[in-house]
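Only one structure is covered here, and it is reproduced in the block below.
The values are calculated or read from the model by the stated rules, or taken from the named source; none is laboratory data. The structure presented is a predicted model; accordingly, all values stated were derived computationally and were not measured. Cβ atoms come from the backbone with ideal geometry, glycine included; neighbour counts cover every protein chain shown. What goes into the accessible areas is simple: the full protein's heavy atoms, side chains included, and nothing from ligands, DNA or RNA. Shrake-Rupley method; radii C 1.70, N 1.55, O 1.52, S 1.80 Å.
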Amino acid sequence: MSHPKFHRDGRPKPYAGNTVIACLPQDGWLARGMAAIREEAQASGFAGKLALLPVTSYHMTVFGGADDQKRSLDLWPQGVPLDAPMSDCDAIVGERLKAVTCAPPYRLRVDLEKPVQPFRFELTPVDAKEERRLRDLRDWLSAATGIRKPGHDAYGFHTQMGYMLEPFTADEQTAFEAAFVAWRAGLAGHVLYLGAPDYCTFADMLAFRQRLRLS
């Protein structure tokens, strides 16, 4: 089965939508660390199975919006026709989000407990209070946009470095897991401070266009 977001050679497929993300500070420890890991991954024996994202796209998704290719009542903004042009949907969601306020920074750490997944780093809030603040923000974004997807309450925060294009062989899987566990451990022990999230639109997975900064 082909990947919905990338061609087999790693070129992005059209995949339009909107989202609320907190960009990783480009001069911060996590973006720098992930950039170094990206270079190592590109030189690995399993690199051909991955589509690695540009460093400038690194972010944490705070709230996933509407995807052009996933138009159903449980995934689409309430009150927006399922056949509406994506540009109309983007404009409506952006207008609705103007009423949402937030209180950055949001503090998280790299999670060492969750299972390894290519090619993403799981993030966890630093404490229960910070967890509640982020969950409340997601609830406010859901209420404002009219989108409440299945699994809303269990959503796992993470930052994505790339996507698998096809399954690893057994040897590749072993090599990947060993490398990724070491990479992840190297990012542990620091606190990630994320600023105010941005409402963005995208045409594919390589770039996110800022439309509105939440305040």
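Quick one: ranking W183, W29, W76, W140 by accessible area, 1.4 Å probe, largest first, what do you get?
W140, W29, W183, W76
What does the charge count around V116 come to, taking other residues whose C-beta lies under 15 Å from its C-beta (Lys +1, Arg +1, Asp -1, Glu -1)?
-1
If the cut-off is a Cα-Cα distance under 21 Å, which lysines reach K114, setting aside same-chain residues fewer than 8 apart in sequence?
Cross-link targets: K129.
For the chain, set up a Gaussian network in which alpha carbons nearer than 10 Å are linked by springs, and say which option among F176, F121, F168 fluctuates the most.
Most flexible of the set in this elastic network: F168.
Under a cut-off of 26 Å between alpha-carbon atoms, report the lysines in cross-link reach of K13, not counting same-chain residues fewer than 8 places apart.
K5, K49, K70, K149
Suppose only helical runs count, i.e. DSSP H with n ≥ 4. What mean residue ellipticity at 222 nm does that imply for the chain under -39500 (n - 2.57) per run, divided by all residues and rounded to the nearest 500 deg cm²/dmol?
After summing the helix terms and dividing by residue count, I get -9500 deg cm²/dmol.
For the chain, modelled as a Gaussian network with Cα springs under 10 Å, which listed residue fluctuates most, P150, P197, P118?
Result for the chain, Cα springs under 10 Å: P150 fluctuates most.
Tell me which label goes with the value of Kirkwood radius over Cα pairs in Å computed from the coordinates here: (1) 20.7; (2) 18.2; (3) 20.0.
(2)
Roughly speaking, to the nearest percent, how much of the chain's 1.4 Å accessible area is carbon and sulfur?
54
Suppose R0 equals 22 Å; then what is the FRET efficiency for A170 and A36 from their Cβ-Cβ distance, rounded to the nearest 0.05?
Taking R0 as 22 Å, the efficiency between A170 and A36 is 0.20.
On a C-alpha basis, how far is the centre of segment 140-154 from the centre of segment 32-54 in Å? Whole number, if you could?
32
With a 1.4 Å probe and all protein chains left in place, how much accessible area per residue does segment 58-163 have, in Å²? Let's see the in-between values first.
Working: 5050 Å² over 106 residues.
Value for segment 58-163: 48 Å² per residue.
Give me the net charge for the shell around Q78: Cβ to Cβ below 11 angstrom, other residues only, Lys and Arg +1, Asp and Glu -1.
Counting the neighbours of Q78, the net charge comes to +1.
So, in Å, what gap is there between the alpha-carbon centers of segment 9-31 and segment 157-206?
About 11 Å separates the Cα centre of segment 9-31 from the one of segment 157-206.
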